[in-house]
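Remarks on the structure that follows.
Nothing in this text is a laboratory measurement; each read-out follows from the coordinates by a stated rule. Just so we're clear, the structure is a prediction, and the values are computed from it rather than from any experiment. Positions of Cβ are backbone-derived with ideal geometry, glycine not excepted, and every protein chain shown enters the neighbour counts.
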Amino acid sequence: MAAGGAQQEMINQMVAGAVQAMEASVDAELEKLDKMDEDDLEAIRERRIKQMQKAQEKKQEYKNLGHGKYDTITNEKEFFEISKKSDRVVCLFYIDTSFRCKIVDKHLTQLCEKHYETRFIRLNAEKAPFLTERLKIKVMPTILMTKDSVVCDRIVGFEQLGNSDNFPTSLLEWRIAQSKTINYSGDLSRPPVEEVKEKKMVQIQRNLRQEEFSSDSELDD
């Protein structure tokens, strides 16, 4: 019992120390604010306004490039052009007969609006034989990520997404963020969910069109 009391006392001291440190930090910030005059506060406001203006200009620049939307492109030429204009691109290679491609569509439609810094597109693999052959894309869906016109990562099927059709958008976002093609404020060292619950798998027909449709390479047209 004595040992338990000593342990509790140690915990109490640690908590008290943490609270004191937090209070000291807050007091220091308040003291700093008290010492500021009108010129200091005006300078802070001006810096903040400039940051907001710069962010708005950048967002408009992205919007002019088609960011903020999830577009279907029709050929390989468009893929190369977009990869040259936008620093970061996420592209779904799909086929119309794949149910899982439609699942990815749902998630990327949400992510494109959240991550204006990245261009989100989709390309029918059957209409891009040269690109799918060159990049060795054989499984649908495949999500390709590029930075500065170079393929830097890919997500093949759902194996990295819990092997489930029921994975949350946050898990796909976290996985894409591993490639640094989107800005991510969460913890990259661990996924946002422990597991994907209620796994609902669909039967995927293994044939040349759907499963045989990974070496990264530079994109040059």
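Just a few scattered comments:
- In a fully extended conformation the segment linking residue 178 and residue 22 would gain 52.9 nm over its present Cα-Cα distance, using 0.36 nm per residue.
- For the residue pairs 58/136; 69/102; 114/136; 32/180, the alpha carbons lie more than 25 Å apart in 58/136; 114/136; 32/180.
- Estimated distance in nm for a label pair at residue 138 and residue 87, the labels positioned 7 Å out from Cα along Cα-to-Cβ: 3.5 nm
- Label-to-label distance, nm, for residues given as residue 13 and residue 159 (7 Å Cα→Cβ offset): 5.3 nm
- Shown is the FRET efficiency for residue 69 and residue 47, computed with R0 = 30 Å from the Cβ-Cβ distance and rounded to the nearest 0.05: 0.40.
- Here's the picture: a label point sits 7 Å out from the Cα of residue 60 along the beta-carbon direction, and within region 102-128 nothing has its amide nitrogen under 11 Å of it.
- Here the scattering of region 133-195 is modelled by Debye summation over its C-alpha atoms, one equal scatterer each and no solvent; at q = 0.12, 0.23, 0.28 Å⁻¹ the log10 of I(q)/I(0) is -0.32, -1.04, -1.30.
- For region 1-118, the equivalent ellipsoid derived from the Cα gyration tensor has semi-axes of 50, 30, 9 Å, listed largest first.
- The distance from the alpha carbon centre of region 119-159 to that of region 66-105 is 9 Å, rounded to a whole number.
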